[in-house]
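Comments concern the structure below.
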């Protein structure tokens, strides 16, 4: 039985002539196992379907071959994460691939995710607004548990990661979209929170003192060098979590960055006229964003370089 992180299941539909060529090339790849061809099962009977498993570490080489062969233009490539793979052939394919499965990055998957995460959605803005309001309440009541809850609810890391990937791959449109979604979301959430807290302040439901005091949450409006350091470390951890199929680490990333709490504090402090704390929260937000974007971009660049070298090594080994 193979660790599910080690293998990916693939379905390819292509015209019969192309499918026959792919069958030959995939059959010669030691990192591919359980190759099955379903003749006439695709493209209204004029094409075939190929099913196979591939080692995650060599997935990019296989995907590159499929793209260069013209599959996306003439058919479809679908990749799945299997629950469990029980196969001696899969064991052999995984051993034939260089590196460790946890280090394998499927760049096509990350590219699709970055395009999706760069696009604004109602769900994104609703979650961000809710997280911002929760953070404001946490600062008002000086309750760190509410700040942590806001960090977990906040969806802002998705467009941050999308921007990092797009910067490395030089996709300006995706970068612009991701940053517009991210900064636009922060701006809208801060303005709405400002309005909500301004109404509450005018009605006497909150006080200036409560909104600006609280030793347990004052770190939000008092940034320092450690704010940047933590953001850098969180950016590295977040990108590694996304690219290595270890999403459990993302929760730790979410509760390490002070982006949403800073936005929540901006709305609250502007509403009561605490301009100096609003500026402090803005600096906190800026430090976190710069640290996350810098660390995430460098991490993806390093992974891409290492992945290309491992892929080239395997191709060279096969030619020899």
Please indicate, with yes or no, whether at least one residue in region 113-124 is at negative phi and modelled with pLDDT under 75. yes
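Quick one: how many residues across region 180-200 are within 19 Å of residue 119 (Cβ to Cβ), surrounded by fewer than 20 Cβ atoms within 10 Å (Cβ to Cβ) and in contact (Cβ under 8 Å) with a residue 24 or more places away in the chain? Even if it seems obvious, please write down each step before you answer.
Here is the first cut: in region 180-200, the ones within 19 Å of residue 119 (Cβ to Cβ) are 180-189.
Those still in the list that are surrounded by fewer than 20 Cβ atoms within 10 Å (Cβ to Cβ) too: 180, 183-184, 187-188.
Pick out the ones that are also in contact (Cβ under 8 Å) with a residue 24 or more places away in the chain and you get 180, 184, 188.
Count: 3.
Can you find a residue that is assigned to a helix (DSSP H, G or I) and buried (at least 21 other Cβ atoms within 10 Å of the Cβ) anywhere in region 212-219? Steps first, please.
Initially, region 212-219 is screened for residues assigned to a helix (DSSP H, G or I), giving 212, 218-219.
Among the residues that remain, those that are also buried (at least 21 other Cβ atoms within 10 Å of the Cβ) are: none.
Within region 212-219, not a single residue is assigned to a helix (DSSP H, G or I) and buried (at least 21 other Cβ atoms within 10 Å of the Cβ).
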Restricting attention to region 85-108, does a residue exist that is part of a helix (DSSP H, G or I), under 30 Å from residue 263 (Cα atoms) and modelled with pLDDT of 70 or more? no
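Looking at 6, 75, 70 in this structure, which one is more than 30 Å from residue 306 (Cβ to Cβ) and in contact with a helix residue (DSSP H, G or I) (Cβ under 8 Å, 6 or more places away or on another chain)?
Numbers: 6 fails: more than 30 Å from residue 306 (Cβ to Cβ); 70 fails: more than 30 Å from residue 306 (Cβ to Cβ).
Selected residue: 75, the only one of 6, 75, 70 that is more than 30 Å from residue 306 (Cβ to Cβ) and in contact with a helix residue (DSSP H, G or I) (Cβ under 8 Å, 6 or more places away or on another chain).
Residue by residue, here is whether (1) surrounded by 17 or more Cβ atoms within 10 Å (Cβ to Cβ); (2) in contact with a helix residue (DSSP H, G or I) (Cβ under 6 Å, 6 or more places away or on another chain); (3) closer than 24 Å to residue 236 by Cβ holds:
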| position | (1), (2), (3) |
| --- | --- |
| 138 | yes, yes, no |
| 145 | no, no, no |
| 151 | yes, yes, yes |
| 156 | yes, yes, yes |
| 159 | yes, yes, yes |
| 164 | yes, yes, yes |
| 174 | yes, yes, yes |
| 178 | yes, yes, yes |
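The values are calculated or read from the model by the stated rules, or taken from the named source; none is laboratory data. Since this is a predicted model, take the numbers as computed values, not measurements. Here Cβ is always computed from backbone atoms with ideal geometry, including for glycine, and neighbour counts include all displayed protein chains.
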